[in-house]
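To keep things clear, I will list the structure first and then write my remarks on it.
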Amino acid sequence: MHQMWGGRFSAAPEESFSQLNRSLPVDHRLWPQDIRGSKAWVRALAQAGILTPGEEQMLRDGLDRVARRLADGAGTGAPDEDVHTLVERLLYEEIGDLAGKLHTGRSRNDQVATDLRLWCLTALEQVDRELAGLGAALVAQAEKGMDLILPGYTHGQQAQPVRWAYVLLAHAWPLVRDRERLADAARRTAVLPLGSGALAGSGVPVDRDLLREELGFRAISPNALDATGERDFVVEIVFALALLLMHVSRLAGELVTYSSTEFGFVRLADGYCTGSSLMPQKRNPDVFELARVKVARTLGDLVGLLTALKGLPAGYSKDLQEDKAFLFDAVDTVLLTLPAVRGGVATMEPVAERMNAALQRGLLATDLADGLVAQGVPFREAHVLVGRLVQEAERLRVDLAAVPPEAARAIHGSLPALLASLGSFAESVERRATPGGSARASVLAQLSELAAAFRA
Ligand code: ARG
């Protein structure tokens with residue numbers, strides 16, 4: 001069995017420990033990054049005079065052949081300790097003893113940190129693309145929902161009327177912030193650890209700037225002990241993923257409510273629902289229920305990761321091997337969830353009649369108070385007066401607009417006229433015309449800004 005260490009041992013690892021120690025089942029997916037990092041390392045070694053040009057060529061070609069074998073599945077079910085050992089063993093198989101020169105001046109500590117950062121940078125791009133896709137689906141729905149008015153809710157209570165487009169965009173803006181956060185995390189992830197050795201720097205005078213350029217990093221790590229032992233970039237990424245799935249969860253939760261039998265504001269496409277094995281009439285919004293729960297996993301990943309890191313001294317400890325399980329689970333969860341949510345959003349249909357039917361006149365109570373204010377009544381007083389009108393409507397069990405004029409006049413002389421001229425819900429929406437409000441101009445401005453932000 002190929003091993004990267006062992007000269008000073010007289011006994012092989014016990015089977016149970018070997019099982020505990022192995023990370024290949026988890027880190028196997030890092031092989032493309034491991035090959036890429038190793039090829040750059042070979043170049044740096046040659047530049048430093050450690051390898052002849054001929055050796056450099058043979059090692060690089062050998063690594064390419066290993067990559068082809070791994071792409072063909074050579075790593076599946078392999079017995080090796082980890083991905084680095086696997087690649088090295090296959091390299092020995094390809095080019096013989098020269099493979100033994102690859103690890104000169106390098107440690108698995110700076111190697112794995114480099115591999116992981118490379119992997120993260122690709123993953124961040126994938127997540128960003130998926131987020132933009134979901135954002136674009138929300139924008140497309142919003143464009144169709146410009147003139148649909150529905151109750152806007154706070155505390156789960158009808159508050160003021162709003163546009164359907166506006167509600168959808170309220171869930172699109174968080175995705176813009178998520179993308180900014182991912183880009184920011186990428187900036188700090190693109191710092192190169194390679195050339196740090198095990199903890200104290202490399203004994204070979206490699207040109208780290210050359211490595212940085214070859215591997216597409218932005219900067220080189222300033223302290224080898226820190227670089228080999230810190231996983232802040234993983235924490236930041238997992239946090240950004242948890243937060244974005246929390247946003248998806250809120251969107252999904254709202255859509256579960258809006259697609260419920262009682263609300264019925266949206267109808268999901270058949271392709272995103274399931275039926276019941278028992279109740280023939282059921283049509284369940286599973287896509288959004290699952291989208292609502294997935295954040296639970298990534299929150300677990302985040303807490304697990306931070307717990308794993310807590311109390312570790314600077315430098316590498318084997319505890320760090322566990323980082324990948326958390327990271328990969330979080331990324332996999334996000335990449336599994338986003339395409340389905342995007343599809344569910346893109347194909348759902350708003351139901352205008354149900355939105356209309358849900359609009360109660362109470363949604364215009366603020367407009368009434370504003371009307372009294374326009375006549376010089378202090379807002380605090382207007383609020384109390386309209387509150388009395390609402391109480392009267394509740395007592396009579398009628399809509400706010402159906403309170404008899406005499407009863408309204410008894411509360412305030414202007415109320416009957418204001419009630420009569422309240423106008424439509426759409427007019428009420430237009431009265432909230434501050435930038436960022438639900439009025440048409442603001443929603444149109446948001447739409448064009450978001451459409452540009454999510455353009456592929
Ligand atoms: N499999 C290890 C990990 O993922 C690679 C680094 C091992 N380093 C060491 N000193 N044993 O962390």
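The values are calculated or read from the model by the stated rules, or taken from the named source; none is laboratory data. Quick caveat, the model's predicted, so the values are computed rather than measured. With ideal geometry, Cβ positions are generated from the backbone for all residues, glycine too; neighbour counts draw on all protein chains shown. Accessible surface areas use protein heavy atoms only, side chains included; no ligands, DNA or RNA. Shrake-Rupley method; radii C 1.70, N 1.55, O 1.52, S 1.80 Å.
Yes or no: segment 125-138 includes at least one residue that is at pLDDT 95 or above and assigned to a strand (DSSP E or B).
Looking through segment 125-138, none of the residues is at pLDDT 95 or above and assigned to a strand (DSSP E or B).
Looking only at segment 1-17, count every residue that is within 15 Å of the ligand (Cβ to nearest atom) and open to solvent by 100 Å² or more (accessible area, probe 1.4 Å) and tell me the total.
2
Tell me, yes or no, whether segment 225-234 has at least one residue that is aromatic (Phe, Trp, Tyr) and open to solvent by less than 10 Å² (accessible area, probe 1.4 Å).
Looking for residues that are aromatic (Phe, Trp, Tyr) and open to solvent by less than 10 Å² (accessible area, probe 1.4 Å), one finds at least one in segment 225-234, hence yes.
Taking Val429 as the residue in question, decide whether it is open to solvent by less than 70 Å² (accessible area, probe 1.4 Å), part of a loop (DSSP other than H, G, I, E, B) and either closer than 30 Å to His171 by Cα or among the aliphatic types (A, V, I, L, M) (or both).
In short, no.
Given the conditions (1) within 16 Å of the ligand (Cβ to nearest atom); (2) within 17 Å of Ala113 (Cβ to Cβ); (3) open to solvent by 90 Å² or more (accessible area, probe 1.4 Å), report the number of the one that Leu20 does not fulfil.
(2)
Assess whether Asp329 counts as being surrounded by fewer than 20 Cβ atoms within 10 Å (Cβ to Cβ), of a type outside the set (Ser, Thr, Tyr) and within 16 Å of the ligand (Cβ to nearest atom).
yes
With respect to the numbered conditions (1) over 30 Å from Val238 (Cα atoms); (2) of a type outside the set (S, T, N, Q); (3) in contact with a helix residue (DSSP H, G or I) (Cβ under 8 Å, 6 or more places away or on another chain), which one is the sole condition not fulfilled by Asp97?
Only one criterion is unmet by Asp97, namely (3).
Among Ala200, Ala183, Ala170, which is the only one that is free of Cβ contacts under 8 Å to residues at least 60 places away in the same chain, open to solvent by 10 Å² or more (accessible area, probe 1.4 Å), among the small types (Gly, Ala, Ser) and within 16 Å of the ligand (Cβ to nearest atom)?
Unique residue meeting the criteria: Ala200.
When the residues of segment 172-219 are narrowed to those that are assigned to a loop (DSSP other than H, G, I, E, B) and of a type in the set (S, T, N, Q), which ends up nearest to Val334 (Cα to Cα)?
That would be Ser196.
Determine if segment 251-263 includes at least one residue that is more than 16 Å from the ligand (Cβ to nearest atom), of a type in the set (A, V, I, L, M) and over 17 Å from His171 (Cα atoms).
No, every residue in segment 251-263 fails to be more than 16 Å from the ligand (Cβ to nearest atom), of a type in the set (A, V, I, L, M) and over 17 Å from His171 (Cα atoms).
Within the set of pairs 6 or more residues apart or between chains, which connect a residue that is in a helix (DSSP H, G or I) inside segment 361-381 to a residue that is β-branched (Val, Ile, Thr) with Cβ atoms less than 7 Å apart?
Between residues of segment 361-381 that are in a helix (DSSP H, G or I) and residues that are β-branched (Val, Ile, Thr), the close pairs are Gly362/Val390; Ala365/Val386; Ala365/Val390; Leu368/Val386; Ala369/Val386; Phe379/Val373.
Pick from segment 242-262 the residues that are of a type outside the set (Val, Ile, Thr) and in a loop (DSSP other than H, G, I, E, B): which of them is farthest from the chain's Cα centre (by Cα)?
Glu262
Considering only residues that are touching a residue at least 24 places away in the same chain (Cβ under 8 Å) and either in contact with a Gly (Cβ under 7 Å, 6 or more places away or on another chain) or assigned to a helix (DSSP H, G or I) (or both), which ones fall in segment 70-92?
Leu70, Val83, His84, Thr85, Leu86, Val87, Glu88, Arg89, Leu90, Leu91, Tyr92
Based on this model, can you work out whether Gln47 counts as out of contact with any Leu (no Cβ under 7 Å at 6 or more places or on another chain) and open to solvent by 60 Å² or more (accessible area, probe 1.4 Å)?
In short, no.
Can you work out which of the residues in segment 87-107 that are charged (D, E, K, R) and either more than 16 Å from the ligand (Cβ to nearest atom) or within 20 Å of Val206 (Cα to Cα) (or both) is surrounded by the most Cβ atoms within 10 Å (Cβ to Cβ)?
It comes out as Arg106.
Quick check on Arg395: is it more than 30 Å from Gly145 (Cβ to Cβ) and outside any loop (DSSP other than H, G, I, E, B)?
It is true that Arg395 is more than 30 Å from Gly145 (Cβ to Cβ) and outside any loop (DSSP other than H, G, I, E, B).
Checking Lys324 against (1) open to solvent by less than 50 Å² (accessible area, probe 1.4 Å); (2) without any contact (Cβ under 8 Å) to a residue 40 or more places away in the chain; (3) within 16 Å of the ligand (Cβ to nearest atom); (4) not aromatic (Phe, Trp, Tyr), which single condition isn't satisfied?
(2)
Among the numbered conditions (1) under 17 Å from Leu59 (Cβ atoms); (2) within 14 Å of the ligand (Cβ to nearest atom); (3) part of a helix (DSSP H, G or I), tell me where Asp110 comes up short.
With respect to (1) under 17 Å from Leu59 (Cβ atoms); (2) within 14 Å of the ligand (Cβ to nearest atom); (3) part of a helix (DSSP H, G or I), Asp110 is out only on (1).
Output the residues belonging to segment 271-292 that are open to solvent by 40 Å² or more (accessible area, probe 1.4 Å) and at pLDDT 95 or above.
The answer is Gly271, Tyr272, Asp286, Glu289, Leu290, Arg292.
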